[in-house]
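Written below as C-alpha cells is the structure these notes are about.
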Amino acid sequence: MPRAVYLLALGIFAMVTSEFAVAGLMPQMAAGLGATIPQIGYLITAFAVAMTVGGPFLAIAVARLRPNPALTALFVIFLVGNVLAAVSGSYPAMLVARVITGVASQAFFGLAISLATQLTDERVRGRAIAVVLNGLMVGTLLGLPLSTLVGEHLGWRATFWAISALTVLTALATLVGLPRLERAGSDGPELREELKVFRNVKLWLVLSTSTLIIGATFSAFSYLSPILTQVTGVGEGTVPLLLIAYGAATVIGNTVVGRLADRYTIGIQIWGLALNLVFLTGFALLAHLSVPAVAFMLGIGLVGVTMNPAMATRVQRTSNARPLVNTVHSSFITLGVIIGSSIGGLTIDAYGLRAPLWLGAALAALGLLSLLPEARMRSKPQDLAPSRASAGQPAPGRRDHQLDGSRPRTSPSSGAGT
C-alpha cells in the first residue's frame, strides 16, 4: 500500500477529530460563548449540513486543480475554519467556523477516496479505501477522547489550536509524500460529461443504501450515552471506556470489511445490514441488561459504519472514481447521520430512550430491501464468491459487467505501484 494512502488517512483523522470535538466540549464551549447546551449541539448539526450541502460544490471548485494544489486548498480552508473556531468570541463566529470546516471536510473525503483508487491497483482498491477510512474509525476511537482531554486541561480553545497544528503537519507530510498525479477532476465540457453519471438511476439507489446503513447506525450511536446510563444502568465513569471499546470495534470491522469489499461487495453489505438489524433489535429488547446491552452495542460498532469500504467500492463500480461522485456519496452518508440523530431525538420525546434503537432496526431493514434489486439481478449468489478479476485473473468483459453493474473500463491507475 503506498505511503500516500496512509497520509490521506491522517488528513481524515484530523478532520474527524475536529468534527467530533464539539461533542466532548459542550459545557466549556457553552460557558465560553455565552450559549446554551442545545445551541452548542446545533454546531454539530451545522457541521453535518455544511458537509452535505456545501461539500459537492467545493469539490467542483477544486476539480480544476491537480491533486497536490487541490489538497493544499482544502487543507488551507480547513485550517482557516479551525483557527476561526479557536479565536471565536461569539456564537455566530463559531457557527461560521463550523460551516467552513464542514464544507472542507466533505470535499477532502471525496478527493481522498478518489486518490486512493488512483494510487492503487484495481484488485486492492477496497483495501485502500479501508485504509483511508480508518482515519474516520481512529478519529472515533481516539479523536474524541483526546480532544476532550485537551479541552478539560487547557481549555476548549486549545483543542482547536491543537487540531490546527495537526492540520499543518499533516498537510506538509501529505504534499511531500504524495506523488505527482493527473488532475483530480474536470472543468468546462468535461465536467458536464462527468455530471452525466448522475443520470444513472442505479447510482441513486446505491447512494440511498449508504444513507440507510449510516442512518441505522447513528440512530443508536448518537444516543449511546443516555441509553447506557439511564436504561442499562452503567455508571457515567464507565461510559467513556465503553465508547473507546466501540471505537476499537469500528477499527476492527473496517479492516475486515476492507479486506472483503473488493470480492464480496454486495454480500458484505447484506450480511452487515442483517447483523446490524439483529444487534439493534437485541439492544432495544435487552437494553436493561448490562451484559447483552454492551455486547449488542459492540456488535453495532463492528458492522455499522464499517460498511464504508464496501459502500464506496459499490459506488466506484456503479459510476466512476472521480472526486465529485465520491463527495456526493459522502454527502449521502452524512445525510444518514442527520436522519439517524435528528429523527432519533424526536422518537425519544415520543416513545423513550429505546426508540432510536427501533428506528435504527427499521432503517437497517429498509437498507436490506434496497439491496434486493441488485441481489435478484445476479440470480445466483455470484457476489458471495470471489470474482476472477478480484482473484487476480482476467475476467471477460461481460462477466465484469454483470458483477459490477457497470461497463468494463480501464483502470486509471494501471501501472501504478502498490
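Add +1 for every Lys or Arg and -1 for every Asp or Glu among the other residues with Cβ under 13 Å from the Cβ of ALA73, and state the total.
Spelling it out: positives minus negatives among the neighbours equals +2.
Suppose only helical runs count, i.e. DSSP H with n ≥ 4. What mean residue ellipticity at 222 nm does that imply for the chain under -39500 (n - 2.57) per run, divided by all residues and rounded to the nearest 500 deg cm²/dmol? List each step's numbers first, then the result.
Numbers: 17 runs with 311 residues, N = 418.
Result for the chain, helices only: -25500 deg cm²/dmol.
Any number yet on Rg/Rh for region 1-178, C-alpha, Kirkwood?
So for region 1-178, dividing Rg by the Kirkwood Rh gives 0.98.
What is the sum of charges, Lys and Arg at +1 and Asp and Glu at -1, for the other residues whose Cβ falls under 14 Å from the Cβ of TRP204?
So the surrounding residues net to +3.
Please report the equivalent ellipsoid semi-axes of the chain, computed as sqrt(5 x eigenvalue) of the Cα gyration tensor, largest first, in whole Å.
33, 28, 18
Can you compute log10 of I(q)/I(0) for region 1-66 with the Debye formula, treating each Cα as one identical point scatterer, at q = 0.19, 0.25 Å⁻¹?
Per q value, in the given order, log10 I(q)/I(0) is -0.87, -1.06.
Would you mind ranking TYR91, TYR42 by Cβ crowding within 10 Å, fewest neighbours first?
Taking fewest neighbouring Cβ atoms as first place, the list is TYR42, TYR91.
May I ask for the longest run of the chain untouched by GluC sites (Glu not before Pro) that are loop-located per DSSP and have at most 13 neighbouring C-beta atoms (other than their own) within 10 Å?
237-418
Every number in this text was worked out from the coordinates using simple rules, so none of it is lab data. This structure is a prediction, so every number in the text was calculated from the model and none was measured. Methodologically, a virtual Cβ is constructed for each residue, glycine included, from the backbone with ideal geometry; neighbour enumeration extends over all protein chains shown.
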